[in-house]
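The values are calculated or read from the model by the stated rules, or taken from the named source; none is laboratory data. Since we're looking at a predicted model, the values are computed, not measured. When we count neighbours, we look across all protein chains shown, and the Cβ atoms used for this are built from the backbone with ideal geometry, even at glycine. Remember, those area values only see protein heavy atoms, side chains included, never the ligands or the DNA or RNA. Shrake-Rupley method; radii C 1.70, N 1.55, O 1.52, S 1.80 Å.
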Amino acid sequence: MDFQNQQEEAQQNTTRLVALLILGVAAIILVVAALLIALLYYGSGDFQPLTAFAVAAPLTTLGVTGASMVKSSQIRSGGGSYVAASLGGRKVDFNTLDPDERQLANVVEEIAVASGVPSPAVFVLDGEPGINAFAAGWTADSSAIGVTRGALDHLNRRELQGVIAHEFSHIRNGDTRVKTRIIGWVFGIAVITVLGRILLQQLWWAPRRRNREDNSAMLMVAAGFGLIIIGSVGTLFARMIQAAVSRQREYLADASAVQYTRDPSGIGDALIKIAAMGGENRVQSAHATEASHLFFSSAFNATFATHPPLGERIRRLMPDWDGKIPTLDDGGGVPVDRTPPPMPRPGAAWGPSPFPPIMSGFDDSSRSEPVMPNPGVRQTFDGPSFGGPSDAHIEHSRTMLAQIPQETRNHLRTKQGAVAAIVGSVISTNPDVRPLELAAAGQILSADPGYVDAASRLISDLERPLQLPAIDIALHTVQQTPRAYRIALGDVIQDLERSNVEGDLFRWVLRRVVLRHLEDQHDDGSAVHALTLLQVTPEVATVYAVLARYNSSGDGEAQASFDAALDVSGSPSVPMPTDNIHSFVGVDEALEKLSRLDRPSREAFVSGAAAAVLFDRKITAAEAELLRVVADAVRLPVPPLLPV
């Protein structure tokens, strides 16, 4: 991937977007001024263009700027979930018994684990009969995926997987960050049309107001249509901005979805079904105007489309497509398994204490054999994949998730169970340290230390390869807790005893991962990730030295492993540190700074870390997972390493 070209293209796109925004504001000013000229002339008979422009310019500019700022502020505080809720979305409980929603949750979890990306919040747009989906949010942790009711009704699992893979590629590649920011811009210049649509939509759902004898209702209808007509100029430029952001990214996301699933016909058939719906696929929400660039397919039948033509997208995916659009049937052509999932164990209501009294009888007798060898067995693994997961990764993730006992998954999908598991996963297993950390966690959480100890087995008793997928499930559930509680949970983990944990590097780095995910759930789009490797050479050397010594049998091999890591990453040649390599606090601080690297530097850093871990060509399953944890700590999603 040519990052230099990507950066230049991003800069050009930003310049183009700003130019379109300015032109849009100028066009609205002209329209408003023209209307004022006409009103003044009609009222007084005087032609006063200068007066009209003097009034129209500041009012329009302030209106557009104010609307953009208000919308952007709402999105900053609410992230992808706010966007989904504003479009009429209802959050899906992953313990749902609804077969369609359960299938959706399973698909999302599988692709999340395969991608190395946290499971986003998932919403269903019940009022949308068309086939569509979208992703929005500042980071992977604050993102949300929305799926229309029509998509659940008409798509089979294979097609749904293709659509969800498409949306995950937007999240993984950072497209959602750009697209979410654009919503505020677009809302500012399209706000008049949005207000008109909202007004007409409210009238539609108020039968009393639709009475022809109700003059006020007729005036409101006229006002609604008038706002839409006036706002059409802003909407035109909004479509141009959305198209500049969206069109090429949709092709790339289609290609990524095929890479994920190795099934072009899955996403291709979904697009064919969308084409079969024609005008019925229009998104009904009044707020779709400012968010149409987020959707999987165009939200409107507009002259200036925000998405590439459906036919062109289908032919890129399925070159042999004959161009025929069959009649859409509800069955989707492929049977769907409607077997209800097991009933989840009921837990206590969400309250001051996150732990329900149900863990003491936890039974893990249903655990399957591990999907990887014993963590101490050395074997060959593929290196990390920066281009996203393949179908092999998705199949691997499906297998791992299936081996996590259903009872454990049910607990991890409850708020109290997820919090218990997160705390338990970062408490040291060192017998000299564990009682102290349990006592500290129990005191802060107002829970009995013995109870926290029992709750911790949700994740810590799983085989090592299953722990990261289980943590992904728990982190997704933690998103549902109040913001203040998530901050308090981070404080709990921060306050746990940090000393005397030598030999438990995986668990130590895991703390950094959990803290980083909790932090990113609060990201409002203002975080900057622009450091380069040259700016963090001491931190790079600290982490590489720890990995080299952790994975080597002697000083000579450790030095060679360290040098290989520096060489592969392109970092300056420096002596291997000897001071902080036994201080996990030093490693923690180094990873915190490295998490601010830009994307090219993150990939270079993780490539160097892989060189250190893979130096002897054979690594343990525990070492393979450690590499993924280090990558995750610096905000670089990496699929599971596959045995070869």
* Asked: Would it be correct to say that residue 181 is open to solvent by 10 Å² or more (accessible area, probe 1.4 Å), under 27 Å from residue 240 (Cα atoms), touching a Gly at 6+ places or on another chain (Cβ under 8 Å) and modelled with pLDDT under 95?
  -> yes
* Asked: Would segment 576-599 turn up any residue that is β-branched (Val, Ile, Thr), without any contact (Cβ under 8 Å) to a residue 40 or more places away in the chain and more than 21 Å from residue 471 (Cβ to Cβ)?
  -> yes
* residue 491 vs. criteria surrounded by fewer than 18 Cβ atoms within 10 Å (Cβ to Cβ) and at pLDDT 80 or above -> yes
* **Filter pass, residue 76 being assigned to a helix (DSSP H, G or I), under 29 Å from residue 278 (Cα atoms), open to solvent by 10 Å² or more (accessible area, probe 1.4 Å) and in contact (Cβ under 8 Å) with a residue 12 or more places away in the chain** => no
* Count, please, the residues in segment 456-465 that happen to be over 20 Å from residue 438 (Cα atoms) and surrounded by 23 or more Cβ atoms within 10 Å (Cβ to Cβ). => 0
* To do: Determine if segment 96-107 includes at least one residue that is in contact with a His (Cβ under 9 Å, 6 or more places away or on another chain) and surrounded by 24 or more Cβ atoms within 10 Å (Cβ to Cβ).
  => no
* **Extreme residue, surrounded by the fewest Cβ atoms within 10 Å (Cβ to Cβ), among residues of segment 81-95 that are in contact with a helix residue (DSSP H, G or I) (Cβ under 7 Å, 6 or more places away or on another chain) and touching a residue at least 60 places away in the same chain (Cβ under 8 Å)** => 95
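Conditions (1) at pLDDT 70 or above; (2) closer than 30 Å to residue 389 by Cβ; (3) open to solvent by less than 30 Å² (accessible area, probe 1.4 Å), marked per residue:
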site: 200; (1), (2), (3): no, no, no
site: 234; (1), (2), (3): yes, no, yes
site: 247; (1), (2), (3): yes, yes, no
site: 261; (1), (2), (3): yes, yes, yes
* Evaluate the following for residue 585: is it surrounded by fewer than 17 Cβ atoms within 10 Å (Cβ to Cβ), part of a helix (DSSP H, G or I), aliphatic (A, V, I, L, M) and within 30 Å of the chain's Cα centre (by Cα)? => yes
* Asked: In segment 129-152, how many residues are of a type in the set (D, E, K, R) and modelled with pLDDT of 95 or more?
  -> 1
* Asked: When residues of segment 619-628 are filtered for being open to solvent by 10 Å² or more (accessible area, probe 1.4 Å) and within 16 Å of residue 558 (Cβ to Cβ), how many remain?
  -> 1
* Asked: Residues in segment 302-313: is at least one among the hydrophobic types (A, V, I, L, M, F, W, C), at pLDDT 85 or above, surrounded by 17 or more Cβ atoms within 10 Å (Cβ to Cβ) and part of a helix (DSSP H, G or I)?
  -> yes
* Is it the case that segment 565-574 has a residue that's in contact with a Phe, Trp or Tyr (Cβ under 6 Å, 6 or more places away or on another chain), closer than 25 Å to residue 464 by Cβ and buried (at least 19 other Cβ atoms within 10 Å of the Cβ)? -> yes
* Asked: Within the bounds of segment 130-137, is there any residue that is over 27 Å from residue 277 (Cα atoms) and crowded, with 24+ Cβ neighbours inside 10 Å?
  -> yes
* Determine, yes or no, whether residue 399 is modelled with pLDDT under 85, surrounded by fewer than 23 Cβ atoms within 10 Å (Cβ to Cβ) and farther than 30 Å from residue 85 by Cβ. => no
* Qualifying positions in segment 104-127 - in contact with a Ser or Thr (Cβ under 6 Å, 6 or more places away or on another chain) and assigned to a strand (DSSP E or B) -> 121, 125
* To do: Check segment 370-392 and report whether any residue there is surrounded by 23 or more Cβ atoms within 10 Å (Cβ to Cβ), hydroxyl-bearing (Ser, Thr, Tyr) and modelled with pLDDT of 80 or more.
  => no
* Hey, residue 22 part of a helix (DSSP H, G or I), at pLDDT 75 or above and open to solvent by less than 40 Å² (accessible area, probe 1.4 Å) or not -> no
* Asked: Identify, please: which residue in segment 430-455 is touching a residue at least 60 places away in the same chain (Cβ under 8 Å) and touching a helix residue (DSSP H, G or I) at 6+ places or on another chain (Cβ under 7 Å) and is, among those, surrounded by the fewest Cβ atoms within 10 Å (Cβ to Cβ)?
  -> 445
* Asked: Does segment 610-621 contain at least one residue that is part of a helix (DSSP H, G or I) and more than 28 Å from residue 428 (Cβ to Cβ)?
  -> yes
* Asked: Across segment 629-644, which residue is surrounded by the most Cβ atoms within 10 Å (Cβ to Cβ) among those that are among the aliphatic types (A, V, I, L, M) and part of a helix (DSSP H, G or I)?
  -> 630
* Asked: Hey, among the residues in segment 598-628 that are among the β-branched types (Val, Ile, Thr) and at pLDDT 85 or above, which one's nearest to residue 394 (Cα to Cα)?
  -> 606
